[in-house]
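This report refers to the structure that appears directly beneath it.
The values are calculated or read from the model by the stated rules, or taken from the named source; none is laboratory data. Owing to the predicted nature of the structure, the values given are computational and were not obtained by experimental measurement. Neighbour counts are summed over all protein chains in view; Cβ atoms, including those assigned to glycine, are modelled from backbone coordinates with ideal geometry.
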Amino acid sequence: MKLRPALETFGRIVQINWVAPVSHFSAVGGIHLSLTLLQPREKTPCSPRMNFPFSDPTLERNFKGHRDVVTSVDFSRNMKQIVTGSMDSCVMIWNLKPQMRAYRFDGHREAVNSVQFSPSGHLVASASRDKTVRLWVPSMKADSTEFRAHTATVRCVNFSGDGQSLVTASNDKTIKVWTVHRQKFLFSLNQHINWVRCAKFSPDDRLIVSCSDDRTIKLWDKNSRECIHSFFEHAGFANYVDFHPSGTCIAAASTDHSVKVWDIRSHKMLQHYPVHTGMVNTLSFHPAGNFLITASSDSTMKILDLVEGKLLYTLHGHQGPVTCVAFSRTGEYFSSGGSDEQVMVWKSNFDTHASSHREPTVSPSPTQQSPSKRLQQPPHQDQEAQSHPPERGVPSGLTNTLEHIMGQLDILTQTVSIIEQRLTLTEDKLKKCLENQIEIGRHLQRKEED
């Protein structure tokens with residue numbers, strides 16, 4: 001029996017991805033081994049799995065350099081760089097070209113909660129717990145300007161589509177809009193009664209959407225500066241909200257373990273995906289509008305087909321909560337970050353047949369609103385079939401072998417991670433020694449001159 005067909009019957013595909021050595025800021029190279037289990041796609045009579053038009057996502061790159069939880073990630077427009085923010089108070093720019101080092105930007109005094117490239121790619125904005133927003137030039141010099149944006153933690157920062165404005169959201173319960181040039185304050189939106197987690201411009205820059213711990217998601221008219229509608233969360237609150245690329249819908253990642261999609265014209269909920277077992281931290285729309293990816297504290301990412309209204313993939317890559325995820329500008333790649341301090345870059349593959357800006361459709365029944373349950377709890381007839389295994393079922397010996405391989409890979413991954421940490425500590429010590437030698441050399445030179 002060939003291994004790949006056997007694995008196909010075990011799940012969708014078990015992918016063992018080796019990632020070539022990657023240099024990060026402290027010049028530590030490492031090999032990361034990741035075991036990614038992709039849950040089976042939903043099978044229907046009209047679209048059997050063997051004829052499914054999509055390929056599986058693959059892990060392409062892995063970066064390690066942050067020293068705490070990675071909180072935010074974004075791609076540059078030209079796909080040459082990724083920016084990340086972290087609880088370690090650093091902003092890092094990762095170069096996707098092999099063998100190029102990353103840049104570490106130190107400026108914030110506390111955790112960085114949100115980062116984003118400007119539409120042109122010439123600036124990076126970062127929001128921090130230190131109540132400030134910084135605008136960086138993404139180069140080795142790390143030039144930046146700082147402005148005190150709020151009177152409490154700044155949770156989110158977002159550029160307008162034309163790159164001329166910034167919107168920020170804060171624990172001071174306000175949303176503020178600024179000019180990028182000279183960081184001039186324009187106006188404030190003040191109707192939330194608790195911390196504001198996120199605020200985003202619509203694709204045409206006419207609207208702003210925000211979500212808060214007050215269990216509301218508010219839609220604002222940028223010109224009139226008025227709240228034009230409030231959506232209510234009953235079982236939790238939204239951690240993150242964003243516009244569909246068409247500008248007609250919004251999606252919210254909620255603490256009640258689900259994702260909801262609303263039509264901003266009719267104000268009706270179009271889709272509800274209770275697909276996670278932990279709170280959903282963030283989400284990202286594919287630029288074509290057909291797919292949505294979510295990141296959760298249950299350590300998984302889910303890829304949703306918005307046109308069909310169903311779950312496509314469950315991705316396991318991070319050890320611990322997945323705290324951020326974002327598609328690239330073309331949708332060819334997506335990147336994720338987690339509490340394991342790692343940044344992963346994945347190739348989408350499934351978007352080969354994606355058309356542009358198709359809107360989500362209404363899910364007419366609760367069963368269609370929760371596709372993950374259909375995946376995780378097969379129909380009764382499937383359970384009966386499992387009690388009488390078909391000829392192509394997975395032998396118990398092969399299952400045990402695969403579980404053993406997974407256990408060994410986990411041990412290997414942890415070993416490599418420990419080695420990387422030790423290398424980082426060693427390099428930090430060497431760097432400190434080098435700095436001391438330089439300082440001693442300068443001191444001796446000054447003495448000779450005197």
Filter region 100-117 down to the residues that are part of a loop (DSSP other than H, G, I, E, B) and closer than 16 Å to LYS64 by Cβ, then identify the one that is modelled with the highest pLDDT. ALA102
Any residue at all in region 170-190 that's within 23 Å of VAL73 (Cβ to Cβ) and over 23 Å from the mean Cα position of the chain (by Cα)? yes
Filter region 194-219 down to the residues that are part of a loop (DSSP other than H, G, I, E, B) and buried (at least 21 other Cβ atoms within 10 Å of the Cβ) and list them by number. SER202
Residues in region 289-300: is at least one part of a loop (DSSP other than H, G, I, E, B), in contact with a Lys or Arg (Cβ under 8 Å, 6 or more places away or on another chain), of a type in the set (S, T, N, Q) and buried (at least 20 other Cβ atoms within 10 Å of the Cβ)? yes
Give just the number: which of (1) of a type outside the set (Gly, Ala, Ser); (2) within 11 Å of the chain's Cα centre (by Cα); (3) under 23 Å from LEU412 (Cα atoms) does HIS316 not satisfy? (2)
Verdict on GLU42 being assigned to a loop (DSSP other than H, G, I, E, B), touching a strand residue (DSSP E or B) at 6+ places or on another chain (Cβ under 9 Å), modelled with pLDDT of 95 or more and not aliphatic (A, V, I, L, M): no
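Results for (1) assigned to a loop (DSSP other than H, G, I, E, B); (2) of a type in the set (A, V, I, L, M); (3) modelled with pLDDT under 95; (4) out of contact with any Leu (no Cβ under 8 Å at 6 or more places or on another chain), shown as yes or no for each residue.
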site: ILE93; (1), (2), (3), (4): no, yes, no, yes
site: PRO119; (1), (2), (3), (4): yes, no, no, yes
site: ALA127; (1), (2), (3), (4): no, yes, no, yes
site: ASN158; (1), (2), (3), (4): no, no, no, no
Do we have any residue at all in region 270-282 that's buried (at least 24 other Cβ atoms within 10 Å of the Cβ), touching an Asp or Glu at 6+ places or on another chain (Cβ under 7 Å), part of a loop (DSSP other than H, G, I, E, B) and in contact (Cβ under 8 Å) with a residue 12 or more places away in the chain? yes
Across region 305-329, what is the total count of residues that are touching a residue at least 60 places away in the same chain (Cβ under 8 Å) and assigned to a strand (DSSP E or B)? 12
THR132 is checked against (1) of a type outside the set (Asp, Glu); (2) touching a Gly at 6+ places or on another chain (Cβ under 8 Å); (3) closer than 21 Å to THR174 by Cα and fails just one. What number does that condition carry? (2)
Within the set of pairs 6 or more residues apart or between chains, which connect a residue that is under 8 Å from CYS198 (Cβ atoms) inside region 233-245 to a residue that is assigned to a loop (DSSP other than H, G, I, E, B) and among the β-branched types (Val, Ile, Thr) with Cβ atoms less than 9 Å apart? ALA238/THR255; ASN239/THR255
How many of the residues in region 220-247 are buried (at least 20 other Cβ atoms within 10 Å of the Cβ) and either among the polar types (S, T, N, Q) or assigned to a strand (DSSP E or B) (or both)? 8
